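The values are calculated or read from the model by the stated rules, or taken from the named source; none is laboratory data. Everything numeric in this text was worked out from a predicted model, so none of it was measured. Quick reminder, even Gly has a Cβ in these numbers, built from the backbone with ideal geometry, and neighbours come from all protein chains shown.
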Amino acid sequence: MIKILSSQQIREVENMANEGGITFLRLMENAGSACAKVIRNKFDDTGLRRVLIVCGKGKNGGDGYVIARKLSENGYKVTVLLTMGEPVADTAREMLERIKNSGVQIENYCDNDEKYDLLIQDSDIIVDCVFGTGFSGVPDERLQRLFKKMSESNGYVVSIDLPSGMCADSSELLAPCVKADMTISVIALKYSLVYYPSAEFAGEIQVASIGIPEDILRSFSGGYTLNINDIKSKMPKRSELSNKGDFGKALIIAGSYEMPGAALLSSQSASECGAGIVKLAFPDKAYPVMMNTCPEKVLIPLPSNKFGRISALCEARIKSELKNCSAVLIGCGLGNDYDTKQVVTSVLENSEVPIVLDADGINSMCESIDIIKNAKAKVIITPHPGEAARLLGCTVKEVQADRIGACRDLVELTGATVVLKGSRTVISSNGEDFYINTTGNSGLATAGSGDVLAGIIVSLICQKINPDLSAVMGTFIHGYAGDIATEKYSKMGMTAQKIITELPKTLSAFEKG
C-alpha cells in the first residue's frame, strides 16, 4: 500500500520531520541519495553514463545537485544545467557548493544556444529537477520550449517528484510539461501521478523513502494505492472441509424485460468470484432469458409491472429472501419508476445484511437520500460520474474535476461506503481515507462492466470479507481482470462477458496456497 499526499501535506510532513531533528538539509541529502540509488539500480549495468541534470532554483534543484554528486562519485559523467541561475533556497545553495569542485560540469542554460540543444540530445539520461511539489501555475514559454526538447530527446528522462510543469494536486495540465520515462516520487505519491490526463506524462513510477518516521506519515489522512500483494494478503484461505454454505448466499435483485443482461452479468460475476450460492430475483417477464442462461443460480421470478420491471407487489417475497442471505445487491438493470423506488426502499429499510446499491438502485434514491443514510445495514453505493452528479445535484464535469472531493461529499451525503467509478476509481468509507484503484483500462468502459463489478463486491462480502474491504478488493480484482482481458482481446474488443471469463485466472493470482 502506497500513500498519496497533497503538496500541503508534504510540506507539513517535512516540517514535522525537521522539528523532530531531521534537518531540511538532511532531508534533501536523503532525497537526492535515494533518487540516485533508483537511477543507479536501473542504469549501472547498461553502460549508459552521460547524465544531464536539469535544475530549477528551488528545493527540487537541490535534490538534483545531490543526485549529481552521488552519480559522479559512482562513475557517471554528469552535467548540471541551471535553468534559472543559482538557487534561492539555502539548502539548495549548500548542495550546489558541494559539487562545484567535484568534477561535475555546471552550465547555465541559454534558450537560443545550439550548444544546449546538442547537450540534451547527446545525453543518455536526463534528470528533470526543475519544479517539484511547490509548483503551481504555468511555466514561462522559455521553460516550455526546454521541456519539449527534453521530452523529445533520445535520452531516458527521469523526473524527480513530478514531471516539471505538472501540479501535484491536479490532473489538469495548464501547459506542456516534461514527459518522463520514469518519475521518482519523494516521500509519497502525488495525486497528479495517479490521475489522468497528467498521469500519462509520469512514465514508470517509483516512490523514494527519505527517512520520514512512520508515525509522522500515519498521522496524515489521504489517499492510498494498492498492489497485488496487498490484495493477496486479504484473500481468505479456503478450507478443504468447506461446503457451499461457508461461502455465503448472495441475493441479487436485478434486471428487467429491457435489460435482462444486467441481471445475468452481475449474478454470473458473483458466482465466478466465489459466492457459495447466488439467488437471482428478477421480473418474471425476463424468465425466458434467465431460464436457459443461469444454470448455477437459484432463480426467483417476481411479478412484473406493465413496463416489464419488478413490481412493488413483490415486497413480501423480497423481505422473506432478505432473511436468508449473506448480502444483497440491488439495482443493476432494474429501470427507474415508482415500483423500483418502492422495492429499493423496502430493501434499505428491512435488510440486516450488507447492501450493494448500484445503477437504478442509486437513481431511484436521488430524491430520497435519507433512506440510504438511515438504512439498517451497511450500504455500499457504486455510482458512475453521471449517477454521482445526480446524487450531488451538480454536473458530471464538476464530479470529474475533483473526484476525491466528490467521493468525500457522497460519503457525507449518504453515510455509505462510496465506490466512485471511472478512470482511477475512488473508494472511501469515511470521507477521510481514499483508495485509488490503479488496475483497469479504457476497455472497461463498456456496457455491463459496472454490473460485473457490483457482482464481485457482493460475492466478496458473502465470503465474510469486511464490506468496506470488499469494495476496495472488488474494484482491484475487476480492474485486474480487465487488464488480463485486454491482453487477450484488446481494449476495443472488450465486453463485460470477457471480463467475467478472465475472473478465474485473475483470482488464481490472489489465492493463498
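Odds and ends about this structure:
- Remark: pairs (first residue in region 233-248, modelled with pLDDT under 90; second residue not in a helix (DSSP H, G or I); Cβ separation under 7 Å; 6+ apart in sequence or on different chains) = Pro236/Gln463; Pro236/Lys464; Pro236/Ile465; Lys237/Lys512.
- Search result, residues across region 142-187 that are within 25 Å of Arg403 (Cβ to Cβ) and among the charged types (D, E, K, R): Asp161, Asp169, Glu172, Lys179
- Just one of the numbered conditions (1) surrounded by fewer than 18 Cβ atoms within 10 Å (Cβ to Cβ); (2) under 22 Å from Cys462 (Cα atoms) is not true of Val328: (1).
- Applying the condition of being in contact with a Gly (Cβ under 8 Å, 6 or more places away or on another chain) and acidic (Asp, Glu) to region 233-262 and asking which residue is farthest from Asp169 (Cα to Cα) yields Asp246.
- Of all residues in region 435-442, at least one satisfies being more than 23 Å from Gly255 (Cα to Cα), surrounded by fewer than 20 Cβ atoms within 10 Å (Cβ to Cβ) and of a type outside the set (Ser, Thr, Tyr).
- Restricted to helices (runs of 4 or more DSSP H) entirely inside region 270-389, those with at least 2 residues that are among the hydroxyl-bearing types (Ser, Thr, Tyr) and touching a Ser or Thr at 6+ places or on another chain (Cβ under 8 Å) are 338-350.
- Residue satisfying all of: in region 1-60; closer than 26 Å to Tyr435 by Cα and among the hydroxyl-bearing types (Ser, Thr, Tyr); surrounded by the most Cβ atoms within 10 Å (Cβ to Cβ) among these: Ser7
- Residue-level analysis places Leu251 among those that are of a type in the set (A, V, I, L, M), in contact (Cβ under 8 Å) with a residue 24 or more places away in the chain and closer than 27 Å to Leu507 by Cα.
- Of all residues in region 461-471, none satisfies being part of a helix (DSSP H, G or I) and among the basic types (Lys, Arg).
- Within region 390-413, being in a loop (DSSP other than H, G, I, E, B) and in contact with a helix residue (DSSP H, G or I) (Cβ under 7 Å, 6 or more places away or on another chain) holds for one residue alone: Thr395.
- Residue count for region 188-232, restricted to those that are among the hydrophobic types (A, V, I, L, M, F, W, C), more than 13 Å from Glu172 (Cα to Cα) and not in a loop (DSSP other than H, G, I, E, B): 8
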